[in-house]
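Before I ask anything, here is the structure I am working with.
The values are calculated or read from the model by the stated rules, or taken from the named source; none is laboratory data. Quantities reported herein were computed from a predicted structural model and do not represent experimental measurements. Counting neighbours? That spans all protein chains shown, and the Cβs are built from the backbone with ideal geometry, glycine included. Areas reflect the complete protein model, heavy atoms only, side chains present, ligands, DNA and RNA absent. Shrake-Rupley method; radii C 1.70, N 1.55, O 1.52, S 1.80 Å.
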Amino acid sequence: MTVLTNRTARTGTAPATWPPRTAVVTGASSGIGREAALLLAAGGCRSLLVGRNGAALDEVAAATEGHRISVDLSAAGSEVAVASRASELLGDVDLLVCSAGLGAAGPFDVMSPEAIAELVAVNVLSPMALVRAMLPAMLDRGQGRILIVGSIAGALGVRGEVAYSATKAAMVGFADALRAEVAGRGITVTLCLPGVVDTPFFHRRGAPYVRRWPRPIPAALVAERMLAAAGRGSAEVWVPGWLLGAVRIHGAVPSLYRRLAGVFG
Ligand SMILES: NC(=O)c1ccc[n+]([C@@H]2O[C@H](COP(=O)([O-])OP(=O)(O)OC[C@H]3O[C@@H](n4cnc5c(N)ncnc54)[C@H](OP(=O)(O)O)[C@@H]3O)[C@@H](O)[C@H]2O)c1
C-alpha cells in the first residue's frame, strides 16, 4: 500500500502520524468516498462511514470492517450526530474526509431556489458544520488531518453548472482560510480538486456526462491521490494533475483562458 506509507505532515508543530488509525469518511456509500474508505481500511484504519443509503453503507462496512451511520447531512444537527458517534466508536479521529456532495446541471435561470438551497446545504454547509464539530478535539490533541473533496468546477466555473461551481468555489476559500488559521497547531488541511470522475454522480444529478473529452477517470485513482496528498500534508491535489495547467492559464491570462473555454467548452 503505497498510499498509506508512514510520513509526517509538512505543517504543524506536532505533525499527525500517517497512516491514520481512525477516520470519518462522508460520502462513503458511493464513488470517491467509498474508494477512500476501502483504501483506508486496507491500510489498517478504522473508519466511521457516513451516508444515507443504508444498504450501500452496509456493503462498504462489511468490506472494511468499519462502522456506519446513516444520516442526511443536509439536516441541521447531523454533524453533531456524526461527531458524537465517531468519538464513541473511534475515540480520537486522525482523519476527516469530506466527500459527500451532489451535482446539478442545467441553465441557472430556471433552477429552483430549493435545488440551489440543497446544493449549498450538502456541498457547503455540511462540510463546514462537520469540520466545526470535529476541529476542537483535533486542536486539543494538536493532531488531525482534514481532507475536503472540492472540484475543478470550483476553480474554473463551468457553464451549465453555475450553482455547483459556486458551492465548490466556496470550498476553495474555506480550505485556504482554515489552513491558514490552524497552521502551526498540528492540523493539516488538504483540498482535492478532481476533474471528471467515473461515479454515479452524473446519473444522480439527472444529466449524464456526454463530452468525449476529458475522459472520466476512476474514483479509485482520485481516492489514492487525495489520500497520498493528505499523508504529505499537501495543501491541494489536482486529479488528473494536468488540470493545474488550465488553472494556471486561467490565473495568468484570463482572456486567453476564456477564449479557449469558448472553443473547447
Ligand atoms: N464525479 C465527478 O466527476 C466529480 C468531479 C469533481 C468533484 N466531485 C465531488 O466528489 C465528491 C464525491 O462525489 P462522487 O463522484 O463520489 O459522487 P457519488 O458517487 O454520487 O457519491 C456522492 C456521495 O455523497 C453522499 N451524499 C449526497 N448527498 C448527501 C446527503 N444529503 N447526506 C449524506 N450523504 C450525502 C452520497 O450518499 P448516499 O448515496 O448514501 O446518499 C454518496 O455517498 C462530491 O463532493 C463531488 O462534488 C465529483
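Return the whole-Å distance between the Cα centroid of the stretch 24-60 and the Cα centroid of the stretch 124-160.
Comparing the Cα centres of the stretch 24-60 and the stretch 124-160, I get a distance of 17 Å.
What angle do you read, to the nearest 10 degrees and between 0 and 90, between the alpha-carbon axis of helix 243-252 and the longest principal axis of the chain?
The angle comes out at about 60 degrees.
At 1.4 Å probe size, with every protein chain present, just tell me what the per residue accessible area of the stretch 7-264 comes to in Å².
So the stretch 7-264 comes to 46 Å² accessible per residue, rounded to a whole number.
Right, here's the next one. Please state the charge dipole magnitude for the chain, taken about the Cα centre, from unit charges on C-beta atoms (+1 on K and R, -1 on D and E), reported in debye and rounded to the nearest 20.
With Lys and Arg at +1 and Asp and Glu at -1, about 800 debye.
What translational diffusion coefficient, to the nearest whole µm²/s, does the stretch 7-264 have by Stokes-Einstein, given a Kirkwood radius computed over alpha-carbon pairs, a temperature of 25 °C and 0.890 mPa s viscosity?
Roughly 133 µm²/s, to the nearest whole number.
Using helices alone, I'd like the mean residue ellipticity at 222 nm for the chain: each DSSP H run of four-plus residues gives -39500 (n - 2.57), total over residue count, nearest 500.
-14000 deg cm²/dmol
Tell me, what is the FRET efficiency for ALA177 and LEU221 to the nearest 0.05, using R0 = 25 angstrom and their Cβ-Cβ distance as r?
About 0.30, to the nearest 0.05.
Still on this model: In degrees, nearest 10, range 0 to 90: what is the angle between the Cα axis of helix 219-232 and the longest Cα principal axis of the chain?
So the inclination is approximately 60 degrees.
Within the accessible area of the chain, what % is carbon and sulfur when the probe is 1.4 Å and the other protein chains stay in place?
56
Right, next: Counting only DSSP beta bridges with both residues in the chain, what percent are antiparallel, rounded to the nearest 5?
5
Consider just the alpha-carbon atoms of the stretch 172-265 and return their Rg together with their Dmax, both in angstrom.
15.7, 46
Once fully extended, how much extra length lies between LEU139 and HIS203, figured as 0.36 nm per residue of separation less the alpha-carbon to alpha-carbon distance?
Full extension from LEU139 to HIS203 adds 19.2 nm.
Take the Cα atoms of the stretch 88-201, find their three principal axes, and give me the spread along each one in whole Å, biggest first.
Cα extents, longest axis first: 47, 28, 26 Å.
Among SER126, SER74, what's the order by accessible area (1.4 angstrom probe), most exposed first?
In descending accessible area the options line up as SER74, SER126.
Right, next: Using Cα atoms only, what is the angle between the long axis of helix 31-42 and the major principal axis of the chain, expressed in degrees (0 to 90) to the nearest 10?
Between the helix axis and the principal axis of the chain, the angle is about 30 degrees.
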